[in-house]
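Report on one structure; see the data block that follows.
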Amino acid sequence: MNVLNGSKLLMDISLPLKDPVPIFSLVLFIILLAPIILRKFRIPSIIGLILAGMAIGDHGFKIIEKGSIDLFGKAGLLYIMFLAGLELDMTEFRKNRNRSLVFGAFTFFIPLILGYLVCTYVLHFNFMATLLVSSMFATHTLVAYPLASRLGITKNEAVTVAVGGTIITDTAVLVILAVITGAAAGNLNTHFWVRLSVSLVVFGAIILWIFPLIGRWFFKKIKDDKTSHFIFVLALVFLAAFLAELAGVEGIIGAFLAGLALNQLIPHTSPLMNRIEFTGNALFIPFFLISVGMIVDLRVLLKGPEALMIAGVLTGMALVSKWFAAFFTQISFGYTPTQRNVIFGLSGSHAAATIAVILIGFNMGIINENVLNGTVVLILVTCLVSSFVTESAGRKLAIIEADKKPAVEEMPERLLVPISRQGHMESLLDFALMIKDPDASTPIYPLAVVQDDEEAKQKVALTSKIMEAAVMYAGATESKVQAVTRVDLNVSDGIARAAKELMITDVVLGWTDKTTTTERLFGSIFGTTLDNVLQSVWETIYVCDFHYPLNATRKLVLVMPKNAEYELGFLHYIQKIFLLSKQIGARLLLCCHTKTQAAIEAYLQQFKLNVEITFKQFDNIEELLQLGKDITKNDLVMVVAARKGTLSYRPYLDGMPGRLSRHFPSNNIVLIYPEQTEIDYIEAGVQPEDLTLAPIQEQLANLNKLGKAVKRILKGKK
């Protein structure tokens with residue numbers, strides 16, 4: 001009996017493999033080992049996985065049966081296009097949309113036209129194959145963008161224009177692909193054009209308008225279930241692909257538009273984004289690349305000169321056409337040769353969208369295996385050339401940019417996040433992760449403060465579980481986290497002591513669910529704790545009241561008092577707000593005095609920052625509630641407060657927490673206390689409130705209001 005079972009098992013594992021268990025095991029080991037081994041030979045992982053697929057496929061050792069991983073391969077193809085839309089920086093695109101449109105036109109039409117001429121008169125392809133291959137030349141993948149990011153040149157206009165052009169050219173290519181597939185099916189008639197136009201409008205409206213509404217509603221209602229968030233996003237991606245097929249176009253178009261639709265709902269530093277990228281890079285995309293390799297036969301390149309000529313012409317045309325696009329962009333906008341090379345380096349690589357377009361054409365019989373194999377060679381060469389050019393030109397550009405900017409000596413950024421209980425942990429850590437400089441190497445410090453009494457030991461044991469959860473949660477974003485526990489007489493002293501010991505630059509505090517205004521954070525933050533923290537912690541403090549996830553924010557409303565630009569920490573928190581706005585994909589409405597607006601605009605111009613801002617003149621903080629008409633329930637309300645005795649302080653700010661809670665009960669709210677110079681008290685017992693003229697200021701303010709009222713009455717009588 002055992003002999004029979006053994007014989008049956010041997011029959012089951014005969015080649016090619018058909019049982020899903022050994023197939024899945026083998027593919028996982030390939031995904032693990034292929035990039036590691038081929039990286040030693042400086043071969044990109046995308047090529048390594050394709051080569052591995054060639055080895056195990058029908059044109060290799062025939063280890064895996066054809067079609068056995070098609071399901072994962074199809075899912076990986078959609079996932080690639082979804083990530084392409086999700087990872088695009090829409091804020092940068094909108095800021096430089098006119099120049100991005102020009103570059104997008106150059107990088108689409110120049111490769112398309114040159115490719116058409118070469119494919120027609122040199123390679124002698126038929127019309128459909130010519131159009132498909134020419135459109136393939138127009139696509140590009142930002143393979144070298146991480147190099148630009150590491151060099152710190154992503155804010156340079158050349159980089160933002162190159163990124164924006166990706167949206168234009170990839171979208172145009174996908175539309176052409178829809179026409180090609182329709183023509184290949186023999187449906188290219190008047191009915192096809194009418195149906196395609198109507199279906200694309202309806203389909204695009206559903207994806208780009210309804211999907212964000214559904215996503216924002218879902219993320220607000222289902223706050224804490226991270227698994228449901230991930231499954232929800234996947235469901236929308238594949239639903240979009242299905243709707244695209246119903247509309248008569250390829251599913252990858254739906255996946256790409258789904259990425260654009262969810263772009264602003266999924267911050268790039270969020271745990272959800274990390275899970276999406278991790279799952280795609282670990283499973284879906286490698287399966288797709290292996291499935292591509294299984295249908296590639298590079299032996300065709302050795303059968304005659306035709307295959308080699310096609311591979312050489314395709315690769316050369318891909319590089320030459322993209323260089324011309326960068327060259328004409330340089331002439332149009334007066335860029336330097338270094339900036340031109342950066343644009344060429346970023347747009348010269350072909351990977352995800354290229355293989356997607358060619359694979360669809362191959363499966364439909366529009367192109368033959370010579371073109372498919374030549375495309376694999378094209379991907380290998382262009383990725384290597386793109387990386388080399390981007391790094392070489394990027395270094396020169398980084399040096400030029402560094403020479404232009406004034407040297408600013410700042411202490412390393414360190415964020416402290418006091419956590420009183422697990423309920424508020426995730427929202428506070430999300431906020432801290434979004435305002436943290438992505439280039440800063442310092443960790444985020446979750447802090448638990450335990451009151452020093454007879455129950456301190458038991459409380460330390462309880463808080464350790466909360467700290468473990470905080471480390472695990474923030475660790476999901478691959479950010480550095482270092483949990484800190486302090487035993488002190490009270491919460492405010494513990495926060496102050498930790499801030500000094502750890503050299504903290506920013507403190508993120510949170511409200512509790514208690515209803516009274518005087519007991520909102522850690523039991524009594526606005527009664528005594530916040531006052532004590534403000535008197536002992538002089539760094540920037542953010543007091544947060546979050547009712548729903550930040551990625552559901554539609555607009556960020558920042559309210560600033562008069563003279564805010566003169567405070568020591570002004571530029572620091574402005575930079576954080578710009579970063580937050582970019583992370584959550586929300587436009588910024590800034591309500592401030594004209595002088596404050598001028599200071600912010602000068603800062604933006606000096607450092608060439610691209611931020612989508614709308615300014616609203618706002619001269620009197622006492623008129624805060626009049627902004628209610630500009631604030632909707634999906635807006636994040638941020639108010640810059642001030643410590644007593646500072647230039648921007650007004651007595652009205654003392655009651656700000658209560659007013660915000662009453663008038664904006666369903667909004668996410670953040671109070672910001674800018675960094676200030678520490679006060680040394682000369683006399684014992686002297687406190688900040690003793691050094692202010694608050695009572696006199698209040699009476700002067702009342703007299704001013706009375707005078708304005710009298711003037712209005714007198715004008716009315718006239």
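Does the range 603-619 hold any residues that are more than 26 Å from the chain's Cα centre (by Cα) and at pLDDT 85 or above, and which are they?
Lys616, Gln617, Phe618
Among the residues that make up the range 584-607, is at least one of them of a type in the set (S, T, N, Q), assigned to a strand (DSSP E or B), without any contact (Cβ under 8 Å) to a residue 60 or more places away in the chain and surrounded by fewer than 18 Cβ atoms within 10 Å (Cβ to Cβ)?
Looking for residues that are of a type in the set (S, T, N, Q), assigned to a strand (DSSP E or B), without any contact (Cβ under 8 Å) to a residue 60 or more places away in the chain and surrounded by fewer than 18 Cβ atoms within 10 Å (Cβ to Cβ), one finds none in the range 584-607, hence no.
Report yes if some residue within the range 246-268 is on the phi > 0 side of the Ramachandran plot and either in contact (Cβ under 8 Å) with a residue 24 or more places away in the chain or buried (at least 21 other Cβ atoms within 10 Å of the Cβ) (or both); otherwise report no.
yes
In the list Phe230, Phe287, which residue meets the criterion of being surrounded by fewer than 19 Cβ atoms within 10 Å (Cβ to Cβ), at pLDDT 85 or above and assigned by TED's automatic domain parsing to the domain that holds Gly60?
Phe230
Please go through the range 533-566 and give me each residue that is farther than 15 Å from Asp619 by Cα and part of a loop (DSSP other than H, G, I, E, B), ordered by number.
Matches in the range 533-566: Val537, Trp538, Glu539, Phe546, His547, Tyr548, Pro549, Thr553, Arg554.
Of the residues that make up the range 423-444, is at least one farther than 28 Å from Ile584 by Cα and in a strand (DSSP E or B)?
Within the range 423-444, none of the residues are farther than 28 Å from Ile584 by Cα and in a strand (DSSP E or B).
Scan the range 684-700 and tell me whether some residue there is closer than 27 Å to Leu415 by Cβ, at pLDDT 85 or above and either among the aliphatic types (A, V, I, L, M) or outside the structural domain of Met434 (by TED's automatic domain parsing) (or both).
no
Where in the range 68-139 are there helices (runs of 4 or more DSSP H), lying wholly inside it, with at least 3 residues that are hydroxyl-bearing (Ser, Thr, Tyr) and assigned by TED's automatic domain parsing to the domain that holds Ala172?
97-121, 127-138
Would you mention how many residues in the range 14-42 are surrounded by 18 or more Cβ atoms within 10 Å (Cβ to Cβ) and within 20 Å of Leu380 (Cα to Cα)?
Of the residues in the range 14-42, 4 are surrounded by 18 or more Cβ atoms within 10 Å (Cβ to Cβ) and within 20 Å of Leu380 (Cα to Cα).
Kindly indicate the residue of the range 261-271 that is under 11 Å from the mean Cα position of the chain (by Cα) and modelled with pLDDT of 85 or more and also nearest to Lys555 (Cα to Cα) among those meeting that condition.
For the range 261-271, the residue satisfying everything is Leu265.
Output the qualifying pairs, or none if there are none: Cβ atoms under 7 angstrom, residues six or more apart or on different chains, first residue in the range 313-337 and of a type outside the set (S, T, N, Q), second residue buried (at least 17 other Cβ atoms within 10 Å of the Cβ) and not in a helix (DSSP H, G or I).
From residues that are of a type outside the set (S, T, N, Q), the pairs are Val313/Leu123; Ala318/His350; Leu319/Gly348; Lys322/His140; Lys322/Gly348.
The values are calculated or read from the model by the stated rules, or taken from the named source; none is laboratory data. In this text, all values refer to a predicted model and were calculated from it rather than measured experimentally. Counting neighbours? That spans all protein chains shown, and the Cβs are built from the backbone with ideal geometry, glycine included.
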